[in-house]
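Undergrad: Starting off with a structure, shown below.
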């Protein structure tokens, strides 16, 4: 071919310069301070300590939430144990389902407010919290509500039994969805819950606590307590907990595994990885590229199975890289509350530092880094990178 | 321009993943187009319209009326652009050409036994030459879908090349009639054949059958144009036609165009809407943006 391909370049500036389309902050009510949700009531922490939760896109303080210490954890576990023995264990499956359906409908009714708070507190684009996180969270409650009265028939010659009190620790990448993911099946199967959201993204879990209160769930069936690693450790090590459910880093997963070894606690650990994409030359390349984009840029890449490695057959390597670069150019980086934003803010300053550290290592090792030519907002955000092999 | 052209094996055109392409197409509809972006987009869409009348009942009067509308879309809104072209049957080209005068609005004529294309090649060539001699600036031809389904890609290729030659200086739009092709793979293959055979535009549909243009089909064609551009350095224009009658949908198409081919395609030399009722809907939206209230359809021209 006579034409030099490297002189041909498509231009995407105008596709990124759309008039602002912000979702309104005023549609969400955030209290100045949140206490611990224990035994159906919001209670001041015995620790008497609170910590700030910030909007990572603007670094403004949104609210402050209680920091639960071991005594608070104990109080929550006692409430959960009490509710399990006295109420929830004896509640009929279809009664349990009724409560879960009610929570599902209330999550739907408050979908807009939940989406806005999720975006404010975690930095993810409103398009994702609106179209993915919140509707999927509601769907989880609906789905598990349907299971409650069918468990009896689901496993022939076996009877599904609740375990008791579940201690649940969830991450900051899908705060509300992870809470739904953990709470809904526990309730459907007749367990009671002590849940701790991540310290950077507690607000939607606390909103969910308000919903649970409004839904009139028997006190103590769901307890939501906030705090950081120490609070999580107190849950993991509490002797009266029957099951630990954890989603988060591999490292913390290992710590939990070690801590509960030799006890009767059961565990579900859902940890992270570096997932691979593999593209061969007979693949539909444009759709494969779209898969790569969704795999790595969805939720700023804050996904346990984010496709952070890419293997391409050599014969289509140049084409795939070209297509990836073009597609990256049309991603809109900006205010998470803007409905057109594809990539919002990194969840926290600490996480941004982690990312920058790895970018530094990649460059030091000699990889060529490609970034979109778009302008990057000043505060905590990034544009997404493509590392090419040496 | 391409110095030497190697003709690829069209049976090796890339495959398209149906789920993936439909997912991607729906993503464009999530863009929120507001304020000045919306007004600019609507005006641009107006300027990209091929205002079309392709009826057995078309008369000189109807065509003249449409040509007037092309230049005076809505006089209550000063400063509006004209549409890009008027699209008529070959027998109406002369009337349209005279009515449009030096307004800059182009005359496009369908040809090659539109819409079925079921005629011998010499008839198609004569049809085309007649339209060009009457003054058509652009020719909208249909491909032989039957031959395409029979795998006779060389026949389809040669026919397009022959019509292109008959066009002289007129720009050639090649209608794939995607609603009759059945799969995205075939849409992609037909797009590749048309572009390598000399099409200036590739166009989705005749508008005579349903489904006509859809966003996923248009996306497949835009991606084919992008791949062709990277391979040859030659730009090809795109025309979705039929089924685009609302402003919002037109804006979604523009978002898609902008994100797939970039801003150099964002004008009526490289993109057209084949539509008849779209213009009025855009005018209603523009008046709403200007006055703050929706107006009755009675305040706009009938067709």
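Undergrad: Sort out which residues of the range B:26-43 are under 21 Å from the mean Cα position of the chain (by Cα) and buried (at least 19 other Cβ atoms within 10 Å of the Cβ), and write them in order of number.
TA: B:28, B:41, B:42, listed by residue number.
Undergrad: Further question on the same structure: For residues that are at the interface with another protein chain (Cβ under 9 Å from one of its Cβ atoms) and not in a helix (DSSP H, G or I), scanning just the range A:275-297, find the one that is surrounded by the fewest Cβ atoms within 10 Å (Cβ to Cβ).
TA: It comes out as A:282.
Undergrad: Is it the case that residue B:49 is touching a strand residue (DSSP E or B) at 6+ places or on another chain (Cβ under 8 Å) and surrounded by 19 or more Cβ atoms within 10 Å (Cβ to Cβ)? I'd like the intermediate steps shown before the answer.
TA: Details: touching a strand residue (DSSP E or B) at 6+ places or on another chain (Cβ under 8 Å): yes; surrounded by 19 or more Cβ atoms within 10 Å (Cβ to Cβ): yes.
Considered against the rule, which asks whether it is touching a strand residue (DSSP E or B) at 6+ places or on another chain (Cβ under 8 Å) and surrounded by 19 or more Cβ atoms within 10 Å (Cβ to Cβ), residue B:49 comes out as yes.
Undergrad: Look at residue B:295 and say whether it is surrounded by 15 or more Cβ atoms within 10 Å (Cβ to Cβ), away from every other protein chain (no Cβ under 14 Å), under 28 Å from residue B:71 (Cβ atoms) and in contact with a helix residue (DSSP H, G or I) (Cβ under 6 Å, 6 or more places away or on another chain). Steps first, answer last, please.
TA: Working: surrounded by 15 or more Cβ atoms within 10 Å (Cβ to Cβ): no; away from every other protein chain (no Cβ under 14 Å): yes; under 28 Å from residue B:71 (Cβ atoms): yes; in contact with a helix residue (DSSP H, G or I) (Cβ under 6 Å, 6 or more places away or on another chain): yes.
No.
Undergrad: Follow-up. If you go through the range B:194-214, how many residues are surrounded by fewer than 24 Cβ atoms within 10 Å (Cβ to Cβ), assigned to a helix (DSSP H, G or I) and touching a helix residue (DSSP H, G or I) at 6+ places or on another chain (Cβ under 6 Å)?
TA: 1
Undergrad: Among the candidates B:56, B:20, single out the residue that is buried (at least 19 other Cβ atoms within 10 Å of the Cβ) and not in a strand (DSSP E or B). Before the answer, list the steps.
TA: Numbers: B:56 fails: buried (at least 19 other Cβ atoms within 10 Å of the Cβ).
Selected residue: B:20, the only one of B:56, B:20 that is buried (at least 19 other Cβ atoms within 10 Å of the Cβ) and not in a strand (DSSP E or B).
Undergrad: Follow-up. Evaluate the range A:3-14: report whether one residue or more is crowded, with 19+ Cβ neighbours inside 10 Å, in contact with a strand residue (DSSP E or B) (Cβ under 6 Å, 6 or more places away or on another chain) and either within 14 Å of chain B (Cβ to nearest Cβ) or farther than 26 Å from residue A:129 by Cα (or both).
TA: no
Undergrad: Still on this structure, please answer the following. In the range B:60-81, which residues are without any contact (Cβ under 8 Å) to a residue 40 or more places away in the chain, out of contact with any strand residue (DSSP E or B) (no Cβ under 9 Å at 6 or more places or on another chain) and closer than 24 Å to residue B:39 by Cα?
TA: Within the range B:60-81, B:68, B:71, B:72, B:75, B:78, B:79, B:81 qualify.
Undergrad: When you go through (1) closer than 27 Å to residue A:19 by Cα; (2) in contact with a helix residue (DSSP H, G or I) (Cβ under 7 Å, 6 or more places away or on another chain); (3) within 14 Å of chain A (Cβ to nearest Cβ) one by one for residue B:18, which number turns out not to apply?
TA: Residue B:18 satisfies every listed condition except (1).
Undergrad: Please count how many residues of the range A:298-316 are more than 26 Å from the chain's Cα centre (by Cα) and assigned to a helix (DSSP H, G or I). Step through it out loud before you land on a result.
TA: Step one: of the range A:298-316, the residues more than 26 Å from the chain's Cα centre (by Cα) are A:311-316.
Subsequent filtering for residues that are assigned to a helix (DSSP H, G or I) retains A:314-316.
Residues meeting the conditions: 3.
Undergrad: Okay, moving on. Looking only at the range B:242-264, count how many residues are more than 10 Å from chain A (Cβ to nearest Cβ) and at positive phi.
TA: Qualifying residue count, the range B:242-264: 2.
Undergrad: Mind checking whether some residue in the range A:33-56 is within 23 Å of the chain's Cα centre (by Cα), assigned to a loop (DSSP other than H, G, I, E, B), closer than 18 Å to residue A:119 by Cβ and touching a residue at least 24 places away in the same chain (Cβ under 8 Å)? Break it down into steps so the answer makes sense when it comes.
TA: First, pick out the residues of the range A:33-56 that are within 23 Å of the chain's Cα centre (by Cα): A:33-38, A:50-56.
Keeping just the survivors that are assigned to a loop (DSSP other than H, G, I, E, B) gives A:35, A:56.
Narrowing further to those that are closer than 18 Å to residue A:119 by Cβ: A:56.
If we keep only those that are touching a residue at least 24 places away in the same chain (Cβ under 8 Å) as well, we get A:56.
Checked against the condition, which is being within 23 Å of the chain's Cα centre (by Cα), assigned to a loop (DSSP other than H, G, I, E, B), closer than 18 Å to residue A:119 by Cβ and touching a residue at least 24 places away in the same chain (Cβ under 8 Å), the range A:33-56 yields at least one hit.
Undergrad: Now, a different point. Would you tally the residues in the range A:2-16 being at pLDDT 65 or above and outside any helix (DSSP H, G or I)?
TA: Taking the range A:2-16 and keeping what is at pLDDT 65 or above, we get A:8-16.
Those left that are additionally outside any helix (DSSP H, G or I): A:8-12.
So the answer is 5.
Undergrad: Residue check, residue A:271 against (1) closer than 30 Å to residue A:210 by Cα; (2) within 17 Å of the chain's Cα centre (by Cα); (3) touching a residue at least 60 places away in the same chain (Cβ under 8 Å), all met but one. Which one?
TA: Among (1) closer than 30 Å to residue A:210 by Cα; (2) within 17 Å of the chain's Cα centre (by Cα); (3) touching a residue at least 60 places away in the same chain (Cβ under 8 Å), the lone unmet condition for residue A:271 is (3).
Undergrad: Name the single residue that is farthest from the other protein chains (Cβ to nearest Cβ) among those in the range B:23-50 being over 19 Å from residue B:292 (Cβ atoms) and part of a loop (DSSP other than H, G, I, E, B).
TA: Among residues in the range B:23-50 that are over 19 Å from residue B:292 (Cβ atoms) and part of a loop (DSSP other than H, G, I, E, B), the one farthest from the other protein chains (Cβ to nearest Cβ) is B:48.
For every residue, the table says whether it meets (1) more than 30 Å from residue A:235 (Cβ to Cβ); (2) modelled with pLDDT under 95.
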residue	(1), (2)
A:261	no, no
A:275	no, yes
A:306	no, yes
A:343	yes, yes
A:346	no, yes
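Undergrad: Can you name the number of the only condition in (1) closer than 30 Å to residue A:341 by Cβ; (2) touching a helix residue (DSSP H, G or I) at 6+ places or on another chain (Cβ under 6 Å); (3) not in a helix (DSSP H, G or I) that residue A:104 fails?
TA: Going through the list (1) closer than 30 Å to residue A:341 by Cβ; (2) touching a helix residue (DSSP H, G or I) at 6+ places or on another chain (Cβ under 6 Å); (3) not in a helix (DSSP H, G or I), residue A:104 breaks only (3).
Undergrad: In the set B:90, B:81, which member is within 30 Å of residue B:292 (Cβ to Cβ) and in contact with a helix residue (DSSP H, G or I) (Cβ under 7 Å, 6 or more places away or on another chain)?
TA: Values: B:90 fails: within 30 Å of residue B:292 (Cβ to Cβ).
Residue meeting the stated conditions: B:81.
Undergrad: Do we have residue B:76 as more than 30 Å from residue B:135 (Cβ to Cβ) and either within 13 Å of chain A (Cβ to nearest Cβ) or surrounded by fewer than 12 Cβ atoms within 10 Å (Cβ to Cβ) (or both) here? Before the answer, list the steps.
TA: Details: more than 30 Å from residue B:135 (Cβ to Cβ): yes; either within 13 Å of chain A (Cβ to nearest Cβ) or surrounded by fewer than 12 Cβ atoms within 10 Å (Cβ to Cβ) (or both): no.
Considered against the rule, which asks whether it is more than 30 Å from residue B:135 (Cβ to Cβ) and either within 13 Å of chain A (Cβ to nearest Cβ) or surrounded by fewer than 12 Cβ atoms within 10 Å (Cβ to Cβ) (or both), residue B:76 comes out as no.
Undergrad: Can you find a residue in the range B:4-14 that is at pLDDT 90 or above, in contact with a helix residue (DSSP H, G or I) (Cβ under 7 Å, 6 or more places away or on another chain) and within 8 Å of chain A (Cβ to nearest Cβ)?
TA: Yes, the range B:4-14 contains at least one residue that is at pLDDT 90 or above, in contact with a helix residue (DSSP H, G or I) (Cβ under 7 Å, 6 or more places away or on another chain) and within 8 Å of chain A (Cβ to nearest Cβ).
Undergrad: Same structure, new question: When the residues of the range A:306-323 are narrowed to those that are away from chain B (no Cβ under 13 Å) and in contact with a helix residue (DSSP H, G or I) (Cβ under 8 Å, 6 or more places away or on another chain), which ends up surrounded by the most Cβ atoms within 10 Å (Cβ to Cβ)?
TA: Ranking the qualifying residues of the range A:306-323, first place goes to A:312.
Undergrad: Check whether at least one residue in the range B:91-108 is in contact (Cβ under 8 Å) with a residue 24 or more places away in the chain and closer than 21 Å to residue B:195 by Cα, and report yes or no.
TA: Yes, some residue in the range B:91-108 is in contact (Cβ under 8 Å) with a residue 24 or more places away in the chain and closer than 21 Å to residue B:195 by Cα.
The values are calculated or read from the model by the stated rules, or taken from the named source; none is laboratory data. As the structure is a computational prediction, the values presented were derived from the model and not from experiment. Don't worry about glycine lacking a Cβ; one is built from the backbone with ideal geometry, like all the others, and counts go over all protein chains shown.
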